[in-house]
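So the structure is just underneath, and the comments pick up after that.
The values are calculated or read from the model by the stated rules, or taken from the named source; none is laboratory data. The structure displayed is predicted, hence computed values, not measured ones. Note that each Cβ is placed from the backbone with ideal geometry, even for glycine, and that neighbours are counted across all protein chains shown. Ligands, DNA and RNA are stripped out before the accessible areas are found, and what is left, the full protein with its side chains, is counted by its heavy atoms. Shrake-Rupley method; radii C 1.70, N 1.55, O 1.52, S 1.80 Å.
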Amino acid sequence: MYDFDFANPATLDEAVAALGRGDAQALAGGQTYLPALRQRLAAPDTIVSLKRVEGLSDIEATVDTLRIGAMATHARIARETADRFPALSRLAGNIGDMAVRSRGTLGGSLANNDPSACYPAMALATGATIHTNARDIAAEDFFRGMFETALDDGEIITAVTVPVAQAAHYEKFVQRASRFALVGVFAARYPDGARVAVTGASSGGVFRWTEAEERLSDRFEASALDGLTIAPDDMIEDLHATKPYRAHLVSVMTRRAVEHA
Amino acid sequence: MLDGGIGTATKRREDVRFLMGRGKYTDDHTPAGTCYAAFARSDMAHGRIVSIDAAAAEGMPGVLAVFTGADFADVGSNPAGWLINSRDGTPMYEPKRPVLAHGKVRHVGDAYAAVIAETREQAMDAVEALEVEIEPLDAVVDMAAALADGDNRVHDDLPGNQCFDWGWIEDNREATAAAIEAAPHVTTLELVNNRLVPNAIEPRCSIGEYDPGTGDYKLTTTSQNPHLTRLLISAFVLGIPENKLTVIGPDVGGGFGSKIYHYGEEALVLSAAKRLGRPVKWTATRSEAFLTDAHGRDHVTRIELACETDGTFIAFRTETMANVGAYLSNFSTATPTFLHGTLMAGNYTVPNVYVNVKAVFTNTAPVDAYRGAGRPEATYSLERVIDKCARELGIDPIAIRRKNFIQPDQYPYASAAGLEYDSGNYDALMDVLERRADLAGFEGRRAESERRGKLRGLGINSYIEACGIAPSNLVGQLGSRVGLYDAATVRVNATGNISVMVGAHSHGQGHETAFPQIVADMLGVDPATIEIVHGDTSKIPFGMGTYGSRSLAVCGSAVHRATEKVIVKARKIAAHMMSVSADDVDFADGQFSVPGTNKFVAWGDVALKAYIPHDFPLEEIEPGLEETAFYDPANFTYPSGAYACEVEVDPETGVVDVVSMVAADDFGNVVNPLIVTGQVQGGLAQGIGQALLEQTTYDADGQLLSASYMDYAMPRADDLPTLVVDHSSVTECTHNPLGVKGCGEAGAIGSPPTVVNAVIDALARGGHDVAHIDMPLTPVRVWTALQQA
Ligand SMILES: Cc1cc2nc3c(=O)[nH]c(=O)nc-3n(C[C@H](O)[C@H](O)[C@H](O)COP(=O)(O)OP(=O)(O)OC[C@H]3O[C@@H](n4cnc5c(N)ncnc54)[C@H](O)[C@@H]3O)c2cc1C
């Protein structure tokens, strides 16, 4: 780790101000950022902890949405959304291990937009809205490819509003080493149709599989997907999977997600 | 049986301190005035060092010294412990292995400079400030290409990158070829034994100290064998006399082979400590561990099995390329040869065996012995080709093995690969296996899996290994440059408690519990009164440390011998105390007595007397009660086993789930069944890891792609089934006093082929004609094989 200054603001305004000074970086659960620091892959002047900032970790329910604070940990989300949105609860409860879940946050995960992370699929498939200190961003507009988002420098995610689906499931095929998603599919049914989002698979990052959505909007059943495949061209190829294998997994995981929804 | 003696399943006493966080590992030691080393490591696999300018780094805050390869150009080389001769009689190519790379860097992670500073962070900062020019060279990565290309050289004066071309047994070459030529059936299999990263929980760590007053050096280091490390540093690398160098391996958090070897970092911290007059500490990061700990396995093999059409084996012929990496690590030349080729007859009465091994230098981390060391490679090749052969001939996999097993009345049995097996009963192990694994119920379980859309398969394996390494005279004939005895001192203290100083090193094996059981059993005393001292060359006799499942068979036997000597001496003292002749004294249950009389003295009285010898006849009895024994075995020991596992394969995704694993082993006599079970379970976990998960991948440029836990999958609890371990089938080792054989590596040797055989069986039963898949059997590999079948 390189040396850095540490800011521990109590309010959002102070946090925004601290992030505006020099080369500063926000710290949430640190589950992604601290390993990067330890490996000397990042050298910020100042680290701005969001931990003490008021009101960033509340979870509030309305009739058909959940509003989840950016600093809500995976463990807390798993616990507190189990009744209202079991698919989300299970997703959160299967991230990492207990230590990771006790510190890692929703906001940190979305801001990082790891191409293998789980929440981005949830955000896209539910049509979530990402609230920041400056604006509201539709999930559709938020993810901009691997590790890229619509966030400006120093912009802080404050909360995420998630429309609760009538039925939903996240099917995760784990990469055996990291246990992130090798391919993860979040399938959700809403009154106005089905939405399917895929993480882990594409070199363009998380995406919606519209062909599957069309079929499932007619009939939200696994058999509606019979014969539907996705082209392997844009899939990621790495140590753990070939392009054809990832493409194949996208169909299999989508079917299983619908079966379990 | 003494309660707590041999055969008792005592819980490991050392676990109390480990589980409560009270272990004291190398990094927990920080002598006053410690400063810290950080290494500059090559980020390219192969390059010529043009210049290293340390001026800026030397001026950085806290920096005390910078070392480069030039500082060690004149010191000795870290040697290979075994000299292997090629088939044509020429000795192997042995490159210099310097403390710091000089002239060239030869693998990613190769250290070419080191900075010592007041803090670790300052040292790391200064490493980044070194101005270094390294001219990139093409990397030699693929073994076949390395052998074929005379120009691209890991070591400049070795065209073709071949370390040696070894034949075993060379005189059998033609007969084996002729037997294969004439055989009615030949099964051929090409396979890869995948490279593994050892991944001990505790990364390597070394602290060098130097006392300018006495000129004494001290090295505290993560070592499985402090005396061997001292010998290598003293005799080969730095030339520090042994009586000026103490090496301590304190609590060590796992080794699996990777901490047998002497590494350059150890020499560096000692040299730096001398130059600075301060303790110098280095602790590896996990990334350094991935890049620089000696890796394991990495064979590319072609094996042929010739047999009669009824499955009677006629010949086994193996051709292997063994990757040794960029330099020869200490046991790297023994592992693919004498720990591999000599086992290629397996448990079978096959008359012809020939093995050819070409060892190849590449621009990758050095490869050396890793749990099992050579024997997993042998077992995997053999048991995979036997399985393929059985399938081709339509013979049951158990039947074909039983048909060829060496029979109990054939011992001692001279195997066609040059070893003399002393004892065994492989059919008895198979009987245990069939019962414990409920093989009769397999079809029902398979049908149930099928209803859930899963393909279930059964894998069978039998193995033999040579361990208890080893008889010095035999390994000497085979090329070893060291002896492989071990040593123990049993010191009975004045109030009757006992310290046992042993040459073996415990880093997970439970010696602190098991060795006292031996002494307690022999003396009839409470094992709680016996303490084991290990890991410190200034306290223990010169033993050779722990690897090759040798601790109990070799060092335990030394403990036994030393205890026998103690009894002889104590009997003399007791006889003196009772005014009788030693011949008239009986010793049982911790008490000396004279049969037919009411004379007796207790153990504690004899111990006390030994140190208060007011009335000793000094020309007959010396004071004190302390004896040392060096034990050198007459042969290897030959544990064997029969394993079965069942897997479920998801045909849609290629995911393999190991649903059962049963290990029936013959370890000879068992001192502590609980420890043995734990050792086997750990080995099974590692073997399942190798079979399904662990994938070490270098790209064409020699970059290690699987260099962290994000990409290198270690087996975790939920990857494993309940591991059933049975060691009830016993044939005693005939040549050591305990009748023990060694259990540390068995699980890692026996399980990989068992798993792979099970997967191939599952696919076959599902109608998929897949002859072989290389480890690790990752989902993508299994799925791809299914697409191609
Ligand atoms: C062992 C392990 C396993 C894991 N497994 C999974 C898995 O299976 N699935 C999965 O999805 N994830 C997984 N993760 C990642 C985990 O979910 C992380 O917690 C998450 O990616 C980052 O969240 P964090 O709160 O730790 O963020 P941090 O590491 O603190 O920050 C990450 C980045 O986001 C920025 N940031 C943080 N909060 C905000 C904010 N509110 N506004 C703007 N920017 C912000 C930071 O500046 C930083 O750049 C795993 C992590 C580990 C260590």
Practice task
Mind listing just one residue for me: the one in the range A:1-40 that is within 14 Å of chain B (Cβ to nearest Cβ) and in contact (Cβ under 8 Å) with a residue 60 or more places away in the chain and, of those, surrounded by the fewest Cβ atoms within 10 Å (Cβ to Cβ)?
Solution key: A:32
Exercise for the section: Might you check whether a residue that is in contact with a Gly (Cβ under 8 Å, 6 or more places away or on another chain) and either open to solvent by less than 60 Å² (accessible area, probe 1.4 Å) or part of a strand (DSSP E or B) (or both) occurs anywhere in the range B:176-195? Expected result: yes
Fill in the blank from the handout: Log entry, pairs with first residue in the range A:74-98 being over 12 Å from residue A:61 (Cα atoms), second being open to solvent by 40 Å² or more (accessible area, probe 1.4 Å) and away from the ligand (no atom under 12 Å from the Cβ), beta carbons closer than 6 Å, six or more apart or on different chains, reads A:89/A:82
Exercise for the section: Specify which of the listed residues (A:215, A:179) is touching a helix residue (DSSP H, G or I) at 6+ places or on another chain (Cβ under 7 Å) and at pLDDT 95 or above. Expected result: A:215
Problem - Top-ranked residue in the range A:177-197 [being open to solvent by 20 Å² or more (accessible area, probe 1.4 Å) and either within 12 Å of the ligand (Cβ to nearest atom) or in a strand (DSSP E or B) (or both); ranked as nearest to the other protein chains (Cβ to nearest Cβ)] - result: A:178
Exercise for the section: Given the conditions (1) free of Cβ contacts under 8 Å to residues at least 40 places away in the same chain; (2) in a helix (DSSP H, G or I); (3) more than 14 Å from every other protein chain (Cβ to nearest Cβ), report the number of the one that residue A:245 does not fulfil. Expected result: (3)
Fill in the blank from the handout: When residue B:754 is run through (1) open to solvent by less than 20 Å² (accessible area, probe 1.4 Å); (2) in a loop (DSSP other than H, G, I, E, B); (3) among the polar types (S, T, N, Q), the failure sits at (2)
Problem - Pairs, first farther than 22 Å from residue B:465 by Cα in the range B:749-775, second open to solvent by 10 Å² or more (accessible area, probe 1.4 Å) and assigned to a helix (DSSP H, G or I), C-beta under 6 Å, six or more apart - result: B:768/B:786; B:770/B:785; B:773/B:781; B:773/B:785
Practice task
Within the range B:644-657, count every residue that is open to solvent by less than 10 Å² (accessible area, probe 1.4 Å) and outside any strand (DSSP E or B).
Solution key: 2
Exercise for the section: Please find, within the range B:658-682, the residue that is nearest to the other protein chains (Cβ to nearest Cβ) out of those that are polar (S, T, N, Q) and part of a loop (DSSP other than H, G, I, E, B). Expected result: B:672
Exercise for the section: Please state which one of B:746, B:685, B:764, B:707 is among the hydrophobic types (A, V, I, L, M, F, W, C), away from every other protein chain (no Cβ under 14 Å) and under 27 Å from residue A:180 (Cβ atoms). Expected result: B:685
Fill in the blank from the handout: Conditions (1) loosely packed, with under 15 Cβ neighbours inside 10 Å; (2) at pLDDT 95 or above -> residue A:46 fails only (1)
Exercise for the section: Mind listing whichever residues of the range A:93-108 are near the ligand (Cβ under 6 Å from one of its atoms) and among the polar types (S, T, N, Q)? Expected result: A:105
Exercise for the section: Kindly indicate whether any position in the range A:75-90 is near the ligand (Cβ under 10 Å from one of its atoms) and not in a strand (DSSP E or B). Expected result: no
Problem - Test result for residue A:208, farther than 20 Å from residue A:229 by Cβ and either in contact (Cβ under 8 Å) with a residue 40 or more places away in the chain or surrounded by fewer than 22 Cβ atoms within 10 Å (Cβ to Cβ) (or both) - result: no
Practice task
Answer yes or no as to whether residue A:128 is more than 10 Å from the ligand (Cβ to nearest atom), free of Cβ contacts under 8 Å to residues at least 24 places away in the same chain and under 13 Å from the mean Cα position of the chain (by Cα).
Solution key: no
Practice task
For residue B:592, work out the one condition from (1) over 30 Å from residue B:373 (Cα atoms); (2) open to solvent by 50 Å² or more (accessible area, probe 1.4 Å) it doesn't fulfil.
Solution key: (2)
Completion exercise
Of those in the range A:248-261 that are part of a helix (DSSP H, G or I) and open to solvent by 40 Å² or more (accessible area, probe 1.4 Å), the residue nearest to the other protein chains (Cβ to nearest Cβ) is A:248
